[in-house]
Amino acid sequence: MEYGMEAEDFDILIRVASLVTGAPNAFITLVDPHQNRLCDESYCSAALKEDDILVIEDVRKDTRTSAIAARRQDAAIVTYAGALLKTEDGTKVGTLCVTDHVQRTLTEEQIRLLRGLAKQVMSLLSLRNTQRELTDALARMTRLATTDDLTGFLNRRAFFEEAENLRKLAVRQGGALSVVVVDLDHFKKVNDKHGHAAGDAVLKEVARRLRSKLRSTDRIGRIGGEEFAIALPFTSQDTAMELMRQLQLRVSRDPVAYGDIAIPVTFSAGISELGGDTPLDEALRLADKALYRSKAAGRNQITEAEPLAA
Ligand SMILES: Nc1nc2c(ncn2[C@@H]2O[C@H](COP(=O)(O)OP(=O)(O)OP(=O)(O)O)[C@@H](O)[C@H]2O)c(=O)[nH]1
């Protein structure tokens with residue numbers, strides 16, 4: 001079990017441990033989960049050898065702690081009590097300790113309360129772990145639900161959602177937003193000639209090349225088998241054209257290596273800049289029409305959409 005903790009969460013339990021025992025100092029010591037050793041080489045290591053709780057009125061006089069006392073050579077701790085922190089399966093993960101610089105006798109009731117507080121610390125640790133696991137699981141599920149496995153790009157639905165957010169932002173801030181639809185050329189031939197796995201490798205590599213020139217604020221999604229859509233915030237159609245020319249070069253300059261086969265790749269694209277209140281669907285439809293013209297004109301081309309009729 002991992003047991004990260006935030007100090008303020010445990011502060012109250014530590015202070016209660018001090019209050020109920022009357023000992024001025026209280027703290028939690030945890031075993032390093034990765035190195036399986038105590039964070040603090042001290043009396044707590046003696047407590048960890050016990051099965052339940054270690055209570056020592058004078059650490060200098062007890063065989064379990066006298067060597068540690070001699071090594072430390074300070075008088076800061078005379079009385080030590082450490083209740084084990086154990087997981088449900090009995091794994092010892094640390095101690096809840098109280099110490100006093102003068103000799104102190106703990107009553108049975110105080111020892112019982114210290115033991116009970118150690119259990120509360122464990123409940124809190126386990127609650128924190130559960131919360132963290134849930135948060136991680138949610139993040140993983142969100143990633144799975146929004147990401148295309150092969151390329152790592154947004155899937156179709158997530159792309160539309162994110163592009164729509166960018167559109168609203170552009171309307172609010174009055175900035176430009178361009179959308180591009182990209183489709184690989186003659187991709188069927190790649191599958192037919194080299195097999196589906198080779199096709200997948202090409203898609204993956206093209207995705208890597210496309211991503212390499214995009215900004216973190218740009219959004220790219222796989223909206224079809226070999227079709228991608230890109231949303232470019234604060235980018236006019238002219239600037240989008242320049243970027244796409246660079247991407248065209250980046251993707252087609254070197255063939256994709258698949259084993260010892262070299263597979264040449266090109267794409268066709270259509271670009272459309274959204275006007276003030278152009279719906280996203282409409283802009284993508286225009287970009288798609290422009291893409292169609294790129295294909296019709298011989299492929300490996302980028303075409304700008306016709307301006308919207310006023
Ligand atoms: N390997 C692989 N192929 C895919 C995937 N998704 C779609 N395809 C293939 O992509 C090919 C697309 O073929 P077409 O729509 O005819 O287009 P094209 O061959 O690229 O021709 P143009 O677009 O006209 O240049 C089909 O053979 C699909 O099976 C995928 O995830 N992996």
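Before moving on, here are some points about what is shown:
- For 258, 292, 43, order by how many other beta-carbon atoms lie within 10 Å, fewest first: 292, 258, 43
- When you restrict to C-alpha pairs under 8 Å that are six or more residues apart and normalise by the size of the chain, the relative contact order lands at 14 percent.
- The P(r) of segment 124-205 has a tail past 14 Å containing 76 percent of all C-alpha pairs.
- Cut-off 15 Å between beta-carbons: net charge of the residues surrounding residue 120, Lys and Arg +1, Asp and Glu -1: +3
- Order of 79, 105, 235, 87 under a 10 Å beta carbon neighbour criterion, fewest first: 105, 87, 79, 235
- With all projection directions averaged, the alpha carbon convex hull of segment 7-144 covers 9.4 nm².
- 0 to 90° range, to nearest 10: angle between helix 237-252 axis and the chain longest Cα axis: 80 degrees
- Nearest-0.05 FRET efficiency for residue 169 and residue 91, computed from C-beta distance (R0 51 Å): 0.55
- Each eigenvalue of the Cα gyration tensor of segment 72-124, multiplied by 5 and square-rooted, gives one semi-axis; in descending order these are 24, 14, 7 Å.
- Extent along principal axes [Cα atoms of segment 156-304; Å; largest to smallest]: 51, 30, 24
- Ranked packing of 242-249, 89-96, most packed first, by mean Cβ within 10 Å: 89-96, 242-249
- Hits among aspartates and glutamates - C-alpha to C-alpha of residue 49 under 17 Å, sequence gap 8 or more where chains match: 32, 40, 41, 62, 89
- Packing-based ranking, highest mean first, of 219-231, 106-118 given that Cβ atoms within 10 Å are counted: 219-231, 106-118
- For segment 51-97, the average shadow cast by the Cα convex hull is 3.5 nm², which is a quarter of the hull's surface.
- Two-decimal Rg/Rh across segment 143-185, once Rg and the Kirkwood Rh are taken from alpha-carbon atoms: 1.07
- A convex hull fitted around the alpha carbon atoms of the chain yields 211 Å³ per residue.
- Extension gain (nm, one decimal) between residue 162 and residue 253, 0.36 nm per residue minus Cα-Cα: 29.7 nm
- Computed from backbone phi, the HN-Hα couplings of segment 173-179 come to 8, x, x, 7, 9, 10, 10 Hz, rounded to whole numbers (Karplus: 6.51 cos²θ - 1.76 cosθ + 1.60, θ = phi - 60°; Gly and Pro given as x).
- A cut-off under 10 angstrom between Cβ atoms defines the neighbours of residue 299, and their net charge, with Lys, Arg +1 and Asp, Glu -1, is -1.
- Across segment 16-25, rounded Karplus estimates of 3J(HN,Hα) from the backbone phi angles (6.51 cos²θ - 1.76 cosθ + 1.60, θ = phi - 60°) give 5, 4, 5, 5, 6, 9, x, 6, x, 10 Hz, Gly and Pro being marked x.
FYI, it's all coordinate maths here, none of it is from the lab. Keep in mind the model is a prediction, meaning the values are calculated, not measured. Cβ atoms come from the backbone with ideal geometry, glycine included; neighbour counts cover every protein chain shown.
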